[in-house]
Amino acid sequence: IIPVYEARDSLDRCVKSWLAQTEGDLELLLVDDGSTDGSRELCEKWAKKDARVRVLHQKNAGVSAARNAGIDAARGEHMFFTDSDDYVAPDYLEKMGQCMKASGAELVLCGFHHLYEGADIQKLPKRPGVFSMKEGEEDFLCLYEQSFLNMPWNKLYIRELAGRFDPSISLGEDLLFNLDYLERCRNVAVLAEPLCYYIQE
């Protein structure tokens, strides 16, 4: 699920990274949140080029509403979120999917590349492995202190367990979504590999 708003300059890079995945069984949902810079047309171009791409259009309502629209429209059993100015490694889907299958965890999260002012800062979780939500308090706190629980874009979710983002708030809504999701998890798998590229401009 990729929310798209005024993303003309970065959308192609993001979409290409998903369509180049080593595991090609995916549905890419581009949720156009009322863009006026040509992003809407770019979304349609990608949908015509690749049958795995679907486009949703809505009046501008913010990133939370766009993600919620994607969740409601998604057909897959599992779910990822990527922001339109970011992108992912070619084996992101494959490695995250294999980890979820092997571990039986309801949530998988990984490290990422933080690209900022020309620097590539790799952020990796300190405690890789699988931990229980009932017994893994230290693991949970370690992830929280490292800020790995805040964002949705480095995680693989099970769609039927997902709640919704609160569109009435614009700060901390990602963390609230994840904490709500974690309440329905028994186990969490942590991959100490940087498989996402987070762009901070």
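So the values come out like this:
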item	result
In Å², nearest 10: area of R40 left accessible to a 1.4 Å probe	110
Spin-label pair Y116/S170, simplified geometry with 7 Å Cα→Cβ offset, distance in nm	2.2
Whole-percent carbon and sulfur share, accessible surface of the chain, 1.4 Å	48
Average accessible area per residue (Å²) across the stretch 19-68 - probe 1.4 Å, nucleic acids and ligands excluded	49
Rounded accessible area of E27 (nearest 10 Å², 1.4 Å probe)	60
Computed label-point distance, nm, for sites K101 and D25 using a 7 Å Cα→Cβ extension	0.7
Mean residue ellipticity (222 nm) of the chain, computed from DSSP H runs ≥ 4 via -39,500 (n - 2.57), nearest 500	-9000 deg cm²/dmol
Three-way shape label, the stretch 112-198, alpha-carbon gyration tensor, a/c 1.5	oblate
For the stretch 76-151: rounded, prolate or oblate by the Cα gyration tensor [a/c cutoff 1.5]	oblate
Candidate residues T22, T82: accessible-area rank, largest first, probe 1.4 Å	T22, T82
Prolate/oblate/rounded label for the stretch 29-81 (Cα gyration tensor, a/c 1.5)	oblate
Protein-only accessible surface order, largest first, of K45, K126, K155, K59 at 1.4 Å	K59, K126, K45, K155
Heavy-atom accessible area ranking, 1.4 Å probe, most first, across E94, E77	E77, E94
Separation in nanometres of the label points that stand 7 Å from Cα toward Cβ, at A192 and L179	2.8
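The values are calculated or read from the model by the stated rules, or taken from the named source; none is laboratory data. Keep in mind that what you see is a predicted model, and the values were worked out from it rather than measured. In this analysis, Cβ positions are derived from the backbone assuming ideal geometry, glycine residues included, and neighbour counts consider all displayed protein chains. Surface areas here come from the heavy atoms of the whole protein model, side chains and all, with no ligands, DNA or RNA. Shrake-Rupley method; radii C 1.70, N 1.55, O 1.52, S 1.80 Å.
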